[in-house]
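Visitor: Here it is, the structure in full.
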Amino acid sequence: MLIQLTYASRCAHALGPADVKDILAASQRNNARLGVTGALCLNHGIFLQQLEGDRMVVNALYHQILRDPRHRDTVILDLSEITHRQFTGWSMGLLPSLDTNRQLFLKYSVGSEFDPYSMSTVSLRSFFSEVLQNVRWLE
Ligand code: FAD
């Protein structure tokens with residue numbers, strides 16, 4: 001059964017481009033093998049990730065990600081059964097905090113900063129739908 005899991009976390013310490021590249025490389029390598037797709041956003045030290053795939057596989061992967069010392073304060077924001085994937089083309093795409101993406105982050109911000117912890121599930125789903133359509137990705 002396909003599920004979609006969305007969580008947020010905070011960087012445990014300041015991460016440089018090399019750290020982010022490492023995370024993305026491991027994600028793409030492992031997720032392709034596991035049949036997991038999704039997107040990872042990083043904005044002002046907060047990660048927001050959506051994982052899609054088989055229920056057991058996504059659960060196991062989430063527990064692995066949870067143990068990663070590079071982030072903390074991990075909270076599941078949304079977990080649902082899905083009939084189909086959104087991110088068919090991505091084992092894991094990274095949406096960085098670029099100027100070109102700022103408007104999208106701001107559109108879904110309650111305050112002046114993008115804060116996924118305060119977003120409703122409806123907003124989160126709508127955010128990820130838009131992510132697919134009009135953002136600049138880092139590969
Ligand atoms: P390797 O990448 O070879 O790493 C071996 C071990 O070293 C792992 O335990 C790893 O956690 C640890 N490690 C590696 N680099 C560092 C470092 N710089 N600091 C501290 N510990 C380190 N992995 C996925 O497979 N799919 C995902 O979608 C995914 N999303 C992630 C999202 C976030 C926000 C973060 C922080 C990590 C994510 N990861 C993801 C990475 C995941 O937590 C594991 O690091 C990775 O799955 C382990 O891959 P590997 O077995 O190939 O080991």
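The values are calculated or read from the model by the stated rules, or taken from the named source; none is laboratory data. Please read these numbers as outputs of a predicted model, since none were measured by experiment. Here the Cβ is made from the backbone with ideal geometry for all residues, glycine too, and neighbour counts use every protein chain on show. Calculation scope for accessible area: heavy atoms of the full protein, side chains included, ligands and nucleic acids excluded. Shrake-Rupley method; radii C 1.70, N 1.55, O 1.52, S 1.80 Å.
Visitor: Skip the ligands, DNA and RNA, and give the accessible area per residue of the chain with a 1.4 Å probe, whole Å².
Guide: 53
Visitor: Would you work out which of Ser123, Gly35, Val75 lies farthest towards the positive end of the dipole of the stretch 2-134, given +1 charges on the beta-carbon of Lys and Arg and -1 on that of Asp and Glu, about the Cα centre?
Guide: Gly35
Visitor: Over the chain, what percent of the accessible surface lies on carbon and sulfur atoms, probe 1.4 Å?
Guide: The C+S portion of the solvent-accessible surface of the chain is 53 percent.
Visitor: So if R0 is 22 Å, what FRET efficiency would Ser120 and His63 give, r being the distance between their Cβ atoms, rounded to the nearest 0.05?
Guide: The pair Ser120/His63 has a calculated efficiency of 0.30.
Visitor: Let me check something: with ligands and nucleic acids excluded, how do Glu113, Glu130, Glu52, Glu81 order by accessible area (1.4 Å probe), largest to smallest?
Guide: Sorted by accessible area, descending: Glu81, Glu113, Glu130, Glu52.
Visitor: Zone of Met1 (label point 7 Å along Cα→Cβ, backbone N under 20 Å): which residues in the stretch 55-82?
Guide: 55-63, 76-82
Visitor: Another question, if that's okay. Report, by chain and number, residues whose modeled amide H sits under 5 Å from the one on Leu2, excluding near sequence neighbours (fewer than 5 apart, same chain).
Guide: Hits under the 5 Å cutoff: Ile82.
Visitor: Once you place label points 7 Å from the Cα toward the Cβ at Leu79 and Leu34, how far apart are they in nm?
Guide: So the label points at Leu79 and Leu34 sit 1.4 nm apart.
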